[in-house]
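Accompanying notes for the structure given below.
The values are calculated or read from the model by the stated rules, or taken from the named source; none is laboratory data. Quick caveat, the model's predicted, so the values are computed rather than measured. Reconstructed Cβ throughout: ideal geometry from the backbone, glycine too, with neighbour counts over all protein chains shown. The protein model used for the area step is the full one, side chains on, heavy atoms only, and it has no ligands, DNA or RNA in it. Shrake-Rupley method; radii C 1.70, N 1.55, O 1.52, S 1.80 Å.
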Amino acid sequence: QVQLVESGGGLVQPGGSLTLSCVASQSGFSISFMGWYRQAPGKQRELVAGVTSGGSTTYSDSVKGRFTISRDSAERTVALQMSSLKPEDTAVYYCNAVRSIPPFTYWGRGTQVTVSS
């Protein structure tokens, strides 16, 4: 069973930076997409950023220009570099991986990011 383990969350002041990392416990499975979602209290979970196996990236409009997603060559780690953080970025951030064959979606347990002075 593949597990996604997130790290790097915490408390940061507005305007600060933080990097989240996610490691898949196994390699060699056909992952077509890895990404980060977030869920703030009382809100639905939303896609923040994602990267395909081909290297194409996508970002939500609210984080474009501030967040950068990257994936290592072994495709077991995905990182989210967050800068110019705002209080509205406060949420639990979840790592996500989509397996293509056979189709399945994996989720990490989440890591809390709090942006506050």
Conditions (1) assigned to a strand (DSSP E or B); (2) touching a Pro at 6+ places or on another chain (Cβ under 9 Å); number of the one not met by residue 97: (2)
Mind checking which strands (runs of 3 or more DSSP E) fall wholly inside the range 2-86 and carry at least 1 residues that are under 20 Å from residue 117 (Cα atoms) and in contact (Cβ under 8 Å) with a residue 60 or more places away in the chain? 10-12, 18-24, 77-82
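Take the residues in the range 47-89 that are charged (D, E, K, R) and open to solvent by 40 Å² or more (accessible area, probe 1.4 Å); name whichever of them is modelled with the lowest pLDDT.
75
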From the set of residues in the range 90-102 that are at pLDDT 95 or above and among the aliphatic types (A, V, I, L, M), which is nearest to the chain's Cα centre (by Cα)? 92
What are the residues in the range 18-46 that are modelled with pLDDT under 90, farther than 17 Å from residue 109 by Cα and exposed (fewer than 15 other Cβ atoms within 10 Å of the Cβ), if any? 27, 28, 30, 32
Odd one out for residue 87, checked against (1) touching a Pro at 6+ places or on another chain (Cβ under 7 Å); (2) under 17 Å from residue 25 (Cα atoms): (2)
